[in-house]
Amino acid sequence: MPGWRGTILRIDLTAEKITKQPLDRLVARNFIGGRGFNSLTLFKEVKPGIDPLSPENVLCLAPGALTGTSLALSSRIEVSTLSPYSGILGDGNAGGDFPTFLKRAGYDQIVITGKAKNPAYLWIDDENVELLDASELRGKTTWETTDTLKKVHGKDVKVACIGQAGENMVRFATTMFDKHASAARGSGAVWGSKNLKAIAVRGTGKVELARPEDFKQLAKEDRQFFLKDKVQREVIAVYGSHIGMMHWKPGKRYFEKYLSGSEVPRALRPEAWKEYEIGRYACYGCPVGCKNTYRIPEGEYAGEINSALEFECIHCLGTNCGIEDPIAIMEMENLADKHGMCVIGLGNTIAFVKELYNRGIITRKDTGGLSLDWEDRDSQFELIRQIVSREGFGNLVAEGMYIFAKTTGRGAMDYCYHVKGLSRGPHPPGIFSLAHATSTRGADHLRGRIWASGENDQGLVREPVDREFMPDVHDDPVRALTIGERVAAIADAIGRCKGAVISWAATVPLIRRYPLLEGVGKLLTTATGFEFSGAQLEEVAERIYIIERAFNVRQGITRKHDRMPQRVELMGTFQGEEELKEHDRMLTEYYRMHGYDLKTGIPARERLESLGLKFVADELEAHGPYPDWDGAPLWSLEGNPHGRSVHELNL
């Protein structure tokens, strides 16, 4: 099956059964791969209303359709599940080496169900697949787990795994790939709930192409841009996402304000991080190498080396938590990676509880005597330790910001700037707030917002945006966002990185030569033998997005949940009410463009059937309406796994 490998690997942990299922050609054509395959699988196989941490949940991993080929920036994998962090669709996209080698091993998707009786890991050696005992891996960090499995199976093995946060079902625990790449939104806790510690893969096969020479020429042309473009070579390959500290307005002290470049502390600016850098790191086959490799120079972790410290960590665990010490930020990045936590979910939750503490809504009585003063780095380290092991105050913080607010009460929810449990901070009505409100995985910057918004400074990245297909964000923000959603969905389906400085050129192959998705269509056509036009791919993207919306509808999402968080001081004021009206107006236009019911936000049958999704319309009509979303189901805090294992937490 050219382009794809033609096999879905299904793992029933309860029955200890491994099945290889042929990839349906119609599914391949209509959903492409990666995020498309996973979102379809979740809609079909996850029952509405289940506990995300129950054996009934389904965990999917899928490399992109073009992963494993010579296309640049294509070693990507989508990890999808019902999120225990948000209670809706939870997916994350990660890079590294693992995605390419899983595809080379012969698999387009792994679907994992049930729960293992004892700790287990999956060993994939091309066509040979086994479930093996992971008792000796229990309690190990992601770094230790990776090293151990390489020692057992060979240095060429690639590893996806969880750390102690996943084992203890911290709700924002993540899946880590090759030590440095993270697929967030709670997937790590689902691995832990299933008693699955790791997947190790050796892949030695080759992705066959329908027209290999034609594909090779197109991929070469795309790669040349990254090798020759001045910004790619002199900015992105040198600083990576650190450049965002000067352009993307990181939050300070739980979004008290957004910092301009001149307001960012000098120690956290792009050039300052070079003091700790000892090399550059690239995902498999990437010509850019946007990530840094750094060494901690002093303190408790002196000499420790890691890669891929990104803007999001500097912002979320640094400035937005009141921490401006670069060494402390590197140490916290390493703790998050080793123990398998999303730096965004971890950082946002810590910043939120610090805000509550500094407003007097919670006190030392609530924190067990722990200080949460803004600049107190030692207390922040201690809180991270407690979160990982689910001990003391950290046990509640490990539930994430929405459950924390709901459990705490006392007006805490007023300060929880979330959309469906996830936060990107408060913003006025416009492209940011609309994108966060409508993202199918909760407030998020990678579902469509960033391309549509013109967020990248044009002096930094000169985007090849043709106004015939991409309207000005101020003239038509709803259409601009919609197009951004489509290109993001296709990037996640083919397995294309959106770039450290997220841009059209990174996200959409060959966009400098062909309109919008036409270049992607040519790549898929030469790879698979199916004919793909740009218009067909836009339809594929809409199909992916609307089935994700339908999945969330079954989790209780309706129009009222597509909200715009507001600062407390704006609530109930004339300005605040006018801003909500403007958001509501834009939301109505967004629904009209997407074919959703204007009152409920539920996808209309007519639109679903036009995309070949009659079975989705039938499902929604037969079983709806669904109970209102109110976050993931709560567990008793005493019922959560917690504490240190025989392998002491290396904190």
For this session: Can you quote the Å³ per residue value for the convex hull of the Cα atoms in the range 221-284, rounded to an integer?
Result: 122 Å³
For this session: Just the number, please: carbon plus sulfur as a percent of the accessible area of the range 251-310, 1.4 Å probe, no ligands or DNA/RNA counted.
Result: 47 percent
Problem set entry | the range 1-151 - accessible surface per residue (Å², probe 1.4 Å) | 31 Å²
For this session: Pull out the extension gain between residue 635 and residue 531, defined as 0.36 nm times the separation in residues minus the alpha carbon to alpha carbon distance; nm, one decimal.
Result: 32.5 nm
Problem set entry | Chain lengthening between residue 600 and residue 29 when straightened (0.36 nm per residue, less Cα-Cα) | 202.5 nm
Seminar exercise, completed: Counting only protein heavy atoms with a 1.4 Å probe and every protein chain in place, the carbon and sulfur fraction of the accessible surface of the range 336-453 in whole percent equals 47 percent
For this session: For the range 148-216, just the Cα set please: Rg and Dmax, both in angstrom.
Result: 15.9, 49
Problem set entry | By average C-beta atoms within 10 angstrom, highest first, the peptides 509-517, 68-76, 405-413 | 68-76, 509-517, 405-413
For this session: Provide 152, 235 ordered by accessible surface of protein heavy atoms (probe 1.4 Å), highest first.
Result: 152, 235
Exercise. Ratio of the range 301-401's C-alpha Rg to 2.2 N^0.38 Å, to two decimals?
Worked result: 1.00
Seminar exercise, completed: A chain fully extended from residue 150 to residue 610 at 0.36 nm per residue, minus the present Cα-Cα distance, gains in nm 160.8 nm
Exercise. Toward the positive end of the charge dipole of the chain, about the Cα centre and with charges on Cβ (Lys, Arg +1; Asp, Glu -1), which of 556, 506, 634 goes farthest?
Worked result: 506
Exercise. For labels at residue 577 and residue 220 in the simple 7 Å Cα→Cβ model, what's the distance in nm?
Worked result: 6.6 nm
Seminar exercise, completed: Ranking 110, 137, 121 by how far each Cα lies towards the positive end of the charge dipole of the range 107-163 (+1 on Lys and Arg Cβ, -1 on Asp and Glu Cβ), the top one is 137
Exercise. How long are the semi-axes of the ellipsoid equivalent to the chain, from square roots of 5 times the Cα gyration tensor eigenvalues, in whole Å, largest first?
Worked result: 32, 29, 27
Exercise. Mind ordering 585-597, 476-488 by average Cβ neighbours within 10 Å, highest first?
Worked result: 476-488, 585-597
Exercise. In what sequence, highest mean first, do 243-253, 554-564 appear when ranked by Cβ atoms within 10 angstrom?
Worked result: 243-253, 554-564
Seminar exercise, completed: To the nearest Å², the heavy-atom accessible area per residue of the range 497-610 with 1.4 Å probe amounts to 39 Å²
Problem set entry | Partners for residue 158 among lysines (Cα-Cα distance below 20 Å; same-chain residues under 8 apart left out) | 103, 140, 150, 179, 197, 206, 291, 338
Seminar exercise, completed: Counting only protein heavy atoms with a 1.4 Å probe and every protein chain in place, the carbon and sulfur fraction of the accessible surface of the range 176-250 in whole percent equals 50 percent
Seminar exercise, completed: Two pseudo-spin positions, 7 Å from Cα along C-beta at residue 567 and at residue 295, lie apart in nanometres by 4.4 nm
Seminar exercise, completed: Pseudo-spin-label distance residue 12 to residue 589, built 7 Å along Cα→Cβ, given in nm, is 5.1 nm
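The values are calculated or read from the model by the stated rules, or taken from the named source; none is laboratory data. Worth saying up front: this structure is predicted, and the values here are computed from it rather than measured. A quick note on method: Cβ atoms are made from the backbone with ideal geometry, for glycine too, and the neighbour counts reach across all protein chains shown. These accessible areas exclude ligands, DNA and RNA; they are computed on the full protein's heavy atoms, side chains included. Shrake-Rupley method; radii C 1.70, N 1.55, O 1.52, S 1.80 Å.
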